[in-house]
Each structure stands twice: as C-alpha cells, then as structure tokens.
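Scroll down for the structure; my scribbles are underneath it.
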Amino acid sequence: MEKRIHLSLAHMGGEEQRFIQEAFDTNWIAPLGPNVDAFEIMLQNYVSNKNEPLYVAALSSGTAAIHLGLILLGVQSGDEVICQSFTFSATANPIVYQGATPIFIDSEKDTWNMSPHLLEKAIIERKKITGKYPKAIIPVHLYGMPANMSDILSIAKAYQIPVMEDAAEALGSKYKNNKCGSFGQLGVLSFNGNKIITTSGGGALICKSKEMAQKAKFYATQAREDKPYYHHEKIGYNYRLSNICAGIGCGQMLVLNKHIQRRQQIHELYTNLLKEIDGIYVMQNPSPDYASNFWLTCILIDKNKIAVSNADIRIYLEQKNIESRHLWKPMHMQPIFQKHPFYGDGTSETIFNQGLCLPSGSSLTDDDINRVVKEIRSII
Ligand SMILES: *Cc1c(COP(=O)(O)O)cnc(C)c1O
C-alpha cells in the first residue's frame, strides 16, 4: 500500500516548541500569559487593514468565538439570527446555545456563500412574520472563499443589522484586498487541527474596537469583575486560550504566509491537471476581487459526463489510501435543524450532491497531488 495522503494535516513550522519551552521555563502554564498576548498582537497586525486597526481576543475555539460574538451582539432567547446554510454545524450551534432561532440562507453559485438576494428576501419576510428584524447576520467564507461582502454589508447596513463573519476557514483570504474577518462588526477565526494554522485547538474573535475585545476577554474569563475578591454581575464562560496553545500559534504565524502560498499552489496544480476532464470543475475565484486562501481545493463532478459520482470517487480514493471528503452538508438538510426557516433555491444542495474536497494540506508535495489526479483519472 502506498503511503496515506491526508486531506489536511497540522503542519508545524519548527519554531513552535521554542515558544512552548519559554512558557515552561517561565511557568506560564495557564489560560493567560505572554504567548497569548503575543499571539493576539500577531493576529491583529495580520488581519488589520491600512487605516483601521482591529483588536483580537484569543479564545479556546472558533465555536467559543461565535458564541461570545453572539453574546456581545446581544442575541437572546426569542431572537432570530441569519446564518449561511452551507457551512459546518459549529456556525449554527451557538445560535441555539443562546436560545435563539437560526434562519438559514442558501448560497449563490459564484462563491458558494450566502446569497445577498436571498438574505434581503429573508430579512424583509422575517420582519413581516415576527414584527422585528433578525438580530445578526453570519456569512461564512467557506473553504477559504470570501463571501460577497460588498453586497452583504450594504444590505446589513440598510436594515441596521450587525454582521459577524465566520472566517474560521479563511485566515489570510482577501476580498477587494482586505482580509476576511475584518469586514463585519465581528470576525471569527479557528485554529483547530486541520485549519490553515493550528494551535491544536483554539480560536479568536476579531473586534472593531478595543472595548469590544476587552469585553470578549471579560466574558471569556468567567465575567470576573475588577475587584480583589471574586465578584460577578454577569454570567461568564471559560473560553480563554491556554498560554501553551498560544505558543504553538505564535510559531505558526511565522509560516502562515508560506502555508497559504502552498495551498494556493496546490489549487493551481489541481486546476491545471484536471482541466481537460470534461465533467470535473475545480472551484475558482469568481473575479479578481476574490483571493481565496484555498484552504481546501473543492471539485464538482458532473455524473452525466463522467459516469461516476462524488461518492464513487471518494470510495475509490480511499481504497488507494487517499483521503477525500464530501462537502459540508447544508444546515437546512440536517435533521436537527430541519424545523428552522430556510430561504433557498437549491444551490447548496446541488453543490453538496456533486462536490468533493481533495487533499490540500500545505505539507503535500507535487508528487502527492499528481498521484491523487492519476487515481481520479483511472476511475473515470
Ligand atoms: C472549524 C470551523 C468552525 C469552528 O471552529 P472550532 O475551532 O473547531 O470550534 C466554525 N465554522 C467553520 C466554518 C469551521 O470550519
């Protein structure tokens, strides 16, 4: 059996252990410390735009960041929150933690992300039905591809609804030359094991103001008030990132750009190698406004043209010791979310039925990619 090719593995740069060693040497083994502070500043410098500094709170996961973001936006029981349907369940779950109702929106064909047209339709209809506007909008930059932020932001502005971007998969992706996660009132990052960089587990909330980031850190440390004894006026959470994990993050930030470049190269290689196959489409940036980090390279398979389905290819590749994966199954198709309102036209369902994620980790070699394509060719 040839060696296994994984979808996306953690890829260390080499400096991570130095930061961890420092944490041990100085006994900062806690959910706070110098690595946490340094990691936050590195992230801030990375995502901030030219004339607009941003502020980052490092947290224990991307899911925790989404949950805290909803709390900061005042989402409560009885509220509605608009959420992209085509995503990982972690985008939607925290809406339910808050006792609020997710309203799912289908994708547009160009970006596979939230359709601005369906977003506006939903906002207008929810107001008619419930008498109030949804409390927040969560677009997702899925697989690293930026959502159509210009249109989404202008609709959000017209109805005065705050936007929280789920940029968990899109660290380093750019839309109109600004980084994903920097557009909304809040942005969310994840550093889970298979994301573009990892802290083994971790996340961050990107905020427009220092006060907002301060508030996120306050809620993330059990809402402990500034007193010599433990005094609480709010319900808090244990959501801070550990100083050990943040050390991994500091090391990973040193290789982030290199790793993004490699994922983009891998995407280009797949595009060139698969372009003559009529029936396989490799997902592309829809225009020069979009610069995906190509966290994962995704393909669509037209079964009518090549007589095998996405499921067939996945099983075949698995037999050849190559890991591939179905795309995220949209939330409106999930049993747990089926009772929630959905505004759609079938786009994400079609993409889900035809799609496949190919091995895309930054540690893969050109030979690995050639082997994946050779096996895809041999089945069709
Ligand atoms: C990974 C991911 C999350 C959750 O991040 P965790 O750090 O795993 O909690 C949220 N949304 C999307 C789109 C993700 O891919």
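Rolling a 1.4 angstrom probe over region 16-255 with all protein chains present gives an accessible area of which 51% lies on carbon and sulfur atoms.
Taking amide hydrogens as placed 1.01 Å from N in the peptide plane, the amide H of Phe183 sits under 5 Å from that of no residue at least 5 positions away in sequence or on another chain. Between Asn35, Asn285, Asn192, the GNM of the chain built on Cα springs shorter than 10 angstrom shows Asn285 fluctuating the most. Here the accessible area is traced with a 1.4 Å probe on the protein chains. For region 257-379, carbon and sulfur cover 48 percent of it. Along the axis of the charge dipole computed for the chain (Cβ charges of +1 for Lys and Arg, -1 for Asp and Glu, origin at the Cα centre), the listed residues Thr199, Ser61, Ser8 are led at the positive end by Ser61. Beyond 29 Å between alpha-carbons counts as too far, so tell me which of Lys195/Lys275; Lys215/Lys258; Lys176/Lys210; Lys135/Lys179; Lys3/Lys195 fall in that bin. Check vs 29 Å cut-off fails for Lys215/Lys258. Mean sequence separation of contacting Cα pairs (under 8 Å, at least six apart), scaled by the length of the chain, corresponds to a relative contact order of 24 percent. In the context of the full set of protein chains, residues of the chain present 43 Å² of accessible surface per residue (probe radius 1.4 Å, heavy atoms only). Residues whose amide H falls under 5 Å from that of Asn113, counting only those 5 or more places apart or on a different chain, are Glu108, with hydrogens built in the peptide plane.
The phi torsions of region 233-246, fed into the Karplus equation with coefficients 6.51, -1.76 and 1.60 and a -60° offset, translate into couplings of 10, 9, 6, x, 9, 9, 10, 6, 7, 6, 5, 5, 4, 4 Hz, rounded to whole numbers, with Gly and Pro shown as x. Remark: the chain carries a charge dipole of roughly 420 debye about the Cα centre, counting +1 on each Lys and Arg Cβ and -1 on each Asp and Glu Cβ. Restricting the trypsin sites (Lys or Arg not before Pro) of region 161-198 to loop positions (DSSP other than H, G, I, E, B) with no more than 16 neighbouring Cβ atoms within 10 Å leaves Lys176. The phi-based Karplus calculation (6.51 cos²θ - 1.76 cosθ + 1.60; θ = phi - 60°) puts the 3J(HN,Hα) values of region 22-31 at 4, 4, 5, 4, 9, 6, 8, 9, 7, x Hz, whole numbers, x for Gly and Pro.
Using only alpha-carbon positions in the chain, the gyration tensor eigenvalues give semi-axes of 34, 28, 17 Å once each is multiplied by 5 and square-rooted (largest first).
Whole-Hz Karplus values for region 132-149 come out as 9, 7, x, 7, 7, 10, 10, x, 10, 9, 6, 6, x, 6, x, 6, 6, 5 Hz, taken residue by residue from phi with 6.51 cos²θ - 1.76 cosθ + 1.60 and θ = phi - 60°; glycine and proline positions read x. Placing unit charges on the Cβ atoms only, positive for Lys and Arg and negative for Asp and Glu, gives region 153-303 a dipole magnitude near 480 debye about its Cα centre. The distance separating the Cα centre of region 9-86 from that of region 331-367 comes to 25 Å. Counted residue by residue at 0.36 nm each, then reduced by the alpha carbon distance between them, the extension gain from Asn177 to Asn51 reaches 44.1 nm. Here's how it looks for Thr101: its modeled amide H is under 5 Å from those of Gly78, Asp79, Glu80, Val81, which are all 5 or more places away or on a different chain.
The values are calculated or read from the model by the stated rules, or taken from the named source; none is laboratory data. Keep in mind that this is a model prediction, so the values were computed, not measured. Positions of Cβ are backbone-derived with ideal geometry, glycine not excepted, and every protein chain shown enters the neighbour counts. Heavy atoms of the whole protein, side chains included, go into the accessibility calculation; ligands, DNA and RNA do not. Shrake-Rupley method; radii C 1.70, N 1.55, O 1.52, S 1.80 Å.
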